[in-house]
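Here the structure is laid out as C-alpha cells; the discussion comes afterwards.
The values are calculated or read from the model by the stated rules, or taken from the named source; none is laboratory data. None of these values were measured; they are calculated from a predicted model. Virtual Cβ from ideal backbone geometry, glycine too; neighbours counted across all protein chains shown. Accessible surface is based on the protein model in full, side chains and every heavy atom, while ligands, DNA and RNA are left aside. Shrake-Rupley method; radii C 1.70, N 1.55, O 1.52, S 1.80 Å.
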Amino acid sequence: MQILILRKINMLTGALAVSLLTVSLVLFPKEGVDAATAGLKIFWEIVLPSLLPFFVLSEIMLGMGVVHFIGVLLEPLMRPLFNVPGVGAFALSMGLAAGYPMDAVITGKFRRTGMCTRTEGERLLSFTNTADPLFMFGAVAVSMFGRPELGALLSMAHYLSSFTVGLIFKFYQGQAKEEVVRTEQITYRQMLPRAIRALVKARQSDGRPLGKLMGDAVKESMGTLLMIGGFIMVFSVLVKILAVFGIIKLINPVIGKVLELFGLEPGLADAVFNGILEIDLGTMVVSQTSAPLVDQMIITSWIIAWSGLCVHGQVASVIHDTDIRMSPYVLARLLHGIIAAFYTWLLMVPLAPVSQTIARALPVAIQFNPVDRVILSGQQMLLIIGLLLLGGLLAWFSKRFAIVRAVRKT
C-alpha cells in the first residue's frame, strides 16, 4: 500500500515539475531560449565532435570482436582488482579518454549482450564514470581558473578516488553464483589462443557485413548523442529558470551552513547548487568566487566527481533498457565526490610539495579545438589500454609463475 502511495506521489511530483517548467518557459521565453542556445553551443562545438568518433569506434570494435579479445587478456587484472570481467577494461579506458557518459554507453551494451551480469555492470559504473583529462586540464584549470598547474592536482584526486571507489565496490553484493563459475573457469594457460577464439566467436555471432556494421554504428551513435545534447539543453534551461525564480537564493543559505560544518567558505553554496545540477555551470561558478583556493579546489573536485544530475540523466537514459539500477550509481557518485574532495585537500595541504612537483613535470594545458581533443583522447585511450594490457600480462606471468612453483614443490 505504501509503495503504491509513493508511486502516486512521484508521478504527481513529476507531472507538477514538468508543468511548472513549461509555464516558466511561457512566462520567460527569452531566458529559456538563451539558456537552450548556450546548451546547444556546448553540445555542437564540444560534445558532438569530441564523442562521435569514440561512439562509432566502440560500436565497430564490439561488432568485430576486438573488445572480446581484449577482455580475455585483461581478465587476470580486472577480476582480482575490481571483481569485473576483463571487458570492463575497455569501458574504463574509453571512459577515461572520452569522459561522461562514454562508459555508461559501453556498460549498457555489455549488459544487453550478456558480457557482464547486472551486479558487474553496477560495479563497472561505480568507478568507470569519470571526467576526461582534457576537461580538467583545458576547460577547468586553464579556461576557468587560469592556472594550468591545477589540472594535475584535480586529475590526480579524481582518478585516485575513482579507483578507490572501484576497490570498495569490488565487495558490492558479494559474488553471485555465475561470477563464481566464471572465476573458476579462468585459466592462465594459452591466454592468447583463448583471446583469438573469443574474437572469432564474437564476430561470427554478430554476423553483420562491415558496411552494415559501420552504418548501424553511426546511426546508433548519432541517436545517443542527440539524446545527450537534449539533456544538456534541458538542464541549461532548468538552471536558468531556477535562477530567475530565485529558488537558488532560497536554498543557498542551507548549503552554506553545511559547508561551514566542514570548515569551507559558505560563499561557495551557489557553486555547489549549480554543480549538483550541471558540472560545467558548477565549476564555472566556483572559479568566479573569492573563496580561498583550497576551498575552491575541494568543491571543484567534488562537483567533477559528482558529475551533476545532467550526467546522471544521460546515464539513466543509456541504460534504461537494461536491469542495471541507478541507485548504486548515485551512491558511488556521492562516495566518489567525498573521497575526491578529501584527496584534493590531502594534495593541497599535507602533500602540497609532492603534488606541485608532479604538476610541474606535466605539460602545460592549452585550449583544445575539437580535432585536437579527438587526437589527444585517442592517444590517451591507446595509452590506457596499453598500460592495462601490460598490467594484465604481468598478472598472468605472476600467476603462472606461482602455479609452476606449486607444481615443482609437489
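Observations on the structure shown:
- Length gained when the stretch Val218-Leu346 is fully extended (0.36 nm per residue, less Cα-Cα span): 41.7 nm
- D (Stokes-Einstein, µm²/s), Kirkwood Cα radius, region 29-112, 1.306 mPa s at 10 °C: 110
- Accessible surface of region 1-129, 1.4 Å probe, proportion on carbon and sulfur as whole %: 75
- Using the Cβ-Cβ distance between Ser205 and Val258 with R0 set to 41 Å, the FRET efficiency from 1/(1 + (r/R0)^6) comes to roughly 0.20.
- Each of Asp321 and Ile338 was given a label point 7 Å from its Cα along the Cα-to-Cβ line. The distance between the two points is 3.6 nm.
- Each of Ile5 and Leu40 was given a label point 7 Å from its Cα along the Cα-to-Cβ line. The distance between the two points is 4.6 nm.
- In degrees, nearest ten, helix 370-409 long axis to first principal axis of the chain (Cα): 40
- Taking all pairs of distinct alpha-carbon atoms in region 190-328, Kirkwood radius in angstrom: 18.3
- Computed with every protein chain present, the accessible area of Lys41 is close to 120 Å² [probe 1.4 Å].
- For the chain, with +1 on Lys and Arg beta carbons and -1 on Asp and Glu, the positive-most of Gly229, Leu250, Val218 along the dipole: Val218
- Positive-end ranking of Val33, Pro53, Leu16 along the dipole of region 7-64, with charges on Cβ about the Cα centre, is headed by Leu16.
- Lysine pairs meeting the criterion (Cα under 23 Å, 8 or more apart or interchain), as found in the chain: 15
- Each of Thr130, Leu382, Ser161 was placed along the dipole of the chain (beta-carbon charges, centred on the mean Cα), and the one lying farthest toward the positive end is Leu382.
- Arg112 sits among other residues whose Cβ lies under 12 Å from its own Cβ, and their net charge, with Lys and Arg +1 and Asp and Glu -1, is 0.
- Shown in residue order for region 192-202 are the 3J(HN,Hα) couplings computed by the Karplus curve 6.51 cos²θ - 1.76 cosθ + 1.60 at θ = phi - 60°: 5, x, 5, 5, 5, 5, 5, 4, 5, 5, 5 Hz (x for Gly and Pro).
- Rounded to the nearest 20 debye, dipole of region 1-90 from Cβ charges on Lys, Arg, Asp, Glu: 340
- Rg(Cα) / (2.2 N^0.38 Å) computed for region 82-134, rounded to two decimals: 1.00
- The chain: calculated mean residue ellipticity at 222 nm from DSSP helix runs of at least 4, using -39500 (n - 2.57): -26000 deg cm²/dmol
- Å² of accessible area per residue within the chain, as computed with a 1.4 Å probe and no ligands counted: 49
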